[in-house]
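Chemist: Quick one: this structure, given as structure tokens, is what I'll be asking you about.
The values are calculated or read from the model by the stated rules, or taken from the named source; none is laboratory data. Just so it is clear, the structure is predicted and the values come from calculations on it, not from any experiment. Note: ideal-geometry Cβ built from the backbone for every residue, glycine included; neighbour counts use all protein chains shown. These accessible areas exclude ligands, DNA and RNA; they are computed on the full protein's heavy atoms, side chains included. Shrake-Rupley method; radii C 1.70, N 1.55, O 1.52, S 1.80 Å.
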Amino acid sequence: MNRKKKAMVAGCVAAATLATGLGSASVATAAEAPGRPAPGRSAAAPGYDVTSYDARIEYDPQKDTLSGKATLEIEVPAQRDGIDLKMQLPAGSAEVDGTAAPISADKEILHVKPASGLSPGRHTVRVTYAGDPRHVLAYPEIENLAWGKTKDGGRNLSIASDGILFPASTNPTNRARVNLQAVVPDGWTAVSNGPSTAPKKEDGHNVYEWNNDSIEAQYIQFGVGDKWSESDEMLPGGIPVHYVYGKDQEAAGRKLSEVLPDAVTWEAELLGEKYPHKSLTVTFMDYEDDTAYVTGLDTISMPKESFPDGIPTPTTPDILVHELTHTWNTEIDNKDSYAEETIPTYMSWAWLEKFRGEDLVAKYRQTAEKTDWDGPIYWTYAVSDQGMYALRRLVGDEAFYGAVKEWVPAQAGKAAGWDDFRTLMEKYSKQDLKKFFDNWFPSQEVREEKRKKGESLKPADEFLWPDWAKK
């Protein structure tokens, strides 16, 4: 997508959530967009693995704050002094294996150092915390998404949620079981990722609960509202889908969601495996900030898209399809922004061709002629759709869709980058595609170097204007 976005978070999570207007899912080219680490780009190994998170948080609408208690089960391979956790809300106390442990904070990192250290093996860490997500330490410049306010008074945490809902591993690709409970006042709704049951009543409050078997903490989303409506349906394959609508979004949301049943079936065929999650949550709402565009994991949020001219326009079905694709793509630990975003971005075009009969040759010409080749900030979105279509025309549909179909099943659970996709495409096409990929999908380092030199990133004419694209 070559639209400007104040922030965009990519990915769709286990139990997938498309959050229309609420969200998380695509990053303006992960490494180029604010909000969370580049896809799959983990920090140095933290020296431990989190195997499960159990967290209970409570929302206070009067103070607009969250307070929580979390229990982490971790595995430590070797003796160490303590552990570092990502924790963006102020921590109150910590325990390790039932004994109080000293804590200190350094920006968004919480240091937990038990007196006797941590021996090799399994340990239980408990942390209490409370604060206002609008004042998160890590990303104060994107407050509109850190705890985005909707026009009907709701709140949504759509990006960089790890360390806010609960303390998390400093390795963003650490997958773990996540049980999340949320306590909100009676009359309020809470929404998050994963299979859930009906809320329970408890002392004048509603208690919600979600469970994800294996998910990265950065992909957990969370929202609260007191004017939302909800509905439940079943998608092909027996996948329950839960819809959440902002006060004025139900009619538009229901209309937009009509594409989901066919899209799920179609994408399963193209991407080589059935829908990979146990449930789907889709939210439709408007942020107060119309330039906020968010989508995500177990939820896809899409209130508005902000175009270069700054005029917000309604989200379209093809963008919903883009975000739905992320629910497959998050099975992979994507090492770069192309691996994260290119296939989902192209799928919007493929959907328009399949279900709207759009002429992609004409669309390609128009897009290529309008693209800012001097290096737009959100480069991956600017080139992915047309670059992938040019690749499809170069290698042919059989090779192109053969590689696309094998990509997710072959890479699921692994760290994979765009070079791996090129290798797969070369296998199916029996062509050397390095020059094509270098022209259409230059690395971030190459892009930065060319920008410094004032050089254009425009692909060579042989790749940008092959015979089929010429008028």
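Condition check ((1) open to solvent by 10 Å² or more (accessible area, probe 1.4 Å); (2) outside any loop (DSSP other than H, G, I, E, B)) across all residues:
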{"site": "47", "(1), (2)": "yes, no"}
{"site": "51", "(1), (2)": "yes, yes"}
{"site": "69", "(1), (2)": "yes, yes"}
{"site": "74", "(1), (2)": "no, yes"}
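Chemist: Being more than 24 Å from the chain's Cα centre (by Cα) and not in a loop (DSSP other than H, G, I, E, B) is the filter here, so list the residues in the range 85-98 that pass it. Steps first, please.
Modeler: At the first step, the residues of the range 85-98 found to be more than 24 Å from the chain's Cα centre (by Cα) are 90-98.
Listed by number, the residues that qualify are 91, 92, 93, 94, 95, 96.
Chemist: Looking only at the range 319-335, decide whether some residue is open to solvent by less than 10 Å² (accessible area, probe 1.4 Å) and under 23 Å from residue 463 (Cα atoms). It would help to see each step written out before you state the result.
Modeler: First, pick out the residues of the range 319-335 that are open to solvent by less than 10 Å² (accessible area, probe 1.4 Å): 319-330, 332, 334.
From the residues that got through so far, the ones that are under 23 Å from residue 463 (Cα atoms) too are none.
No: the range 319-335 contains no residue that is open to solvent by less than 10 Å² (accessible area, probe 1.4 Å) and under 23 Å from residue 463 (Cα atoms).
Chemist: Taking the range 406-431, which residues are part of a helix (DSSP H, G or I) and farther than 16 Å from residue 341 by Cα? Before the answer, list the steps.
Modeler: Of all residues in the range 406-431, those part of a helix (DSSP H, G or I) come to 406-411, 418-429.
Selection gives 406, 409, 410, 423, 424, 425, 426, 427, 428, 429.
Chemist: If residue 211 satisfies all but one of (1) in contact with a helix residue (DSSP H, G or I) (Cβ under 6 Å, 6 or more places away or on another chain); (2) open to solvent by 60 Å² or more (accessible area, probe 1.4 Å); (3) closer than 29 Å to residue 166 by Cβ, what's the number of the condition it fails?
Modeler: The number of the failed condition is (1).
Chemist: Within the range 355-376, how many residues turn out to be more than 16 Å from residue 388 (Cβ to Cβ) and either acidic (Asp, Glu) or surrounded by 15 or more Cβ atoms within 10 Å (Cβ to Cβ) (or both)?
Modeler: 7
Chemist: Something else about it: Need a quick list: strands (runs of 3 or more DSSP E) entirely within the range 173-236 having at least 2 residues that are more than 30 Å from residue 269 (Cα to Cα) and modelled with pLDDT of 90 or more. Full working, then the answer.
Modeler: Details: elements: 175-185, 189-192, 200-202, 205-216, 222-225, 229-235.
Fully inside the range 173-236 and qualifying: 175-185, 189-192, 200-202, 205-216, 222-225.
Chemist: Go through 464, 433, 391, 424 for me and flag whichever is more than 28 Å from residue 269 (Cβ to Cβ) and surrounded by 14 or more Cβ atoms within 10 Å (Cβ to Cβ).
Modeler: 464
Chemist: Within the range 408-421, does at least one residue satisfy the condition of being under 26 Å from residue 332 (Cβ atoms), of a type in the set (A, V, I, L, M, F, W, C) and in contact with a Leu (Cβ under 6 Å, 6 or more places away or on another chain)? Walk me through it before giving the result.
Modeler: So the first thing to find is which residues in the range 408-421 are under 26 Å from residue 332 (Cβ atoms), and the list is 408-421.
From what is left, the residues that are of a type in the set (A, V, I, L, M, F, W, C) are 408, 410, 412, 415-416, 418, 421.
Imposing the further condition that a residue be in contact with a Leu (Cβ under 6 Å, 6 or more places away or on another chain) reduces the set to 408.
Yes; the residues of the range 408-421 include at least one that is under 26 Å from residue 332 (Cβ atoms), of a type in the set (A, V, I, L, M, F, W, C) and in contact with a Leu (Cβ under 6 Å, 6 or more places away or on another chain).
Chemist: Starting from the range 190-214, take each residue that is closer than 20 Å to residue 282 by Cα and list its partners that are of a type in the set (A, V, I, L, M, F, W, C) and surrounded by fewer than 20 Cβ atoms within 10 Å (Cβ to Cβ), counting only C-beta distances under 8 angstrom and pairs at least six apart or across chains.
Modeler: 199/207
Chemist: Pull up the range 436-461, narrow it to residues that are touching a residue at least 60 places away in the same chain (Cβ under 8 Å) and part of a helix (DSSP H, G or I), then point me to the one that is surrounded by the most Cβ atoms within 10 Å (Cβ to Cβ).
Modeler: 447
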